[in-house]
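Computed from the coordinates by the stated procedures, all read-outs in this text should not be read as laboratory data. None of these values were measured; they are calculated from a predicted model. Cβ coordinates were reconstructed from backbone atoms using ideal geometry, including for glycine residues, and neighbour counts include every protein chain displayed.
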Amino acid sequence: MFLCEKFDVFLFDLDGTLTDPKEGITKSVQYALKKMGILEKNLERLVHFIGPPLKHSFMTHYGFSQEQAMEAIDWYREYFADRGIFENRCLDGMDSFLSRLVQEKKKLFVATSKPTVFARIITDTFGLSPYFWEVAGSELDGTRCEKASVIRYLFDHHDISREKTLMIGDREHDVIGARENGIASLGVGFGYGSRDELEKAGADYFAASLADLNRLFF
């Protein structure tokens, strides 16, 4: 059975799943680290910031306290809100994939750890917003930043069935968040998480490419 027949509701991660935000996110992190007294010239070493909540990443990878992490996030947003948010690109073929789902009368939502205000600017910029019933993310004060909380928010505010809902994302956080809410998940290999990471987290399905995703759905 194709996944388009099995599920009626699809929750999409944003970074690494709908768009490629690598340039904007890594440059924003680089800027924040510099403000915190850490010089990182190699942007590739900052790719692991794509996906997880920023606070978690700053604390885990740089040993920041909660207070330092929040200060770093403020510096991150100074660059991101002005420039980094637009240093991004929609993944090739994603527009067509979403359009096909809408044609099939499916309900689509964005579930991201990124602040909602930024996520909506990104989906508006790339013309993706019309495909989604709601673009949901975290609050600027850091609340609702865990993927499980974002997914729970969507179930609290929309009449959708867990049995008929599939979470689609590129990192383990998407899979874990789905599992904590009792829904199925699909990991994609064209983002920033490995197949091993996604399968260890318990992904129910895996698509290495957008072409594979289309084959699984249609």
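Can you tell me what share of the DSSP beta bridges in the chain is antiparallel? A percent to the nearest 5 is fine.
Counting DSSP beta bridges with both partners in the chain, the antiparallel share is about 10 percent.
Quote the charge dipole size of the chain about the Cα centre in Debye, to the nearest 20; the model charges only the Cβ of Lys and Arg (+1) and of Asp and Glu (-1).
Dipole size: approximately 120 debye.
Please go through the residue pairs Lys27/Lys200; Lys106/Lys147; Lys22/Lys164; Lys6/Lys147; Lys105/Lys147; Lys22/Lys55 and name each one whose alpha carbons sit more than 27 Å apart in this structure.
Lys27/Lys200; Lys22/Lys164
Per 0.36 nm of contour for each residue apart, how much would the distance between Met1 and Asn42 grow if the chain were fully extended, relative to their Cα-Cα spacing?
10.3 nm
Please work out which option in (1) 111; (2) 206; (3) 150 gives volume of the Cα convex hull per residue in Å³ calculated from these coordinates, and answer with its label.
(1)
Let me see the P(r) profile for the stretch 22-86: every Cα-Cα distance counted, bins of 5 Å, each bin given as a percent of all pairs.
4, 21, 32, 31, 11, 1
Express in whole angstrom the spacing between the alpha-carbon centres of the stretch 83-137 and the stretch 1-74.
Here the two parts' Cα centres lie 17 Å apart.
Output the peptides 116-122, 94-100 sorted from most to least packed, where packing is the average of other Cβ atoms within 10 Å over each peptide's residues.
Ranking the peptides 116-122, 94-100 by packing returns 116-122, 94-100.
Taking the Cα centre of the stretch 22-86 as origin and charging only Cβ (+1 Lys, Arg; -1 Asp, Glu), how large is the dipole, in debye to the nearest 20?
The calculated dipole for the stretch 22-86 is roughly 160 debye.
Just to be sure I understand: with springs between alpha-carbon atoms less than 10 Å apart, which residue in Glu134, Glu40, Glu67 has the highest mean-square fluctuation in the Gaussian network model of the chain?
Glu67
Which of Ala201, Gly63, Ile25 sits farthest toward the positive end of the charge dipole of the chain, with +1 on the Cβ of Lys and Arg and -1 on the Cβ of Asp and Glu?
Positive-end residue among those listed: Ile25.
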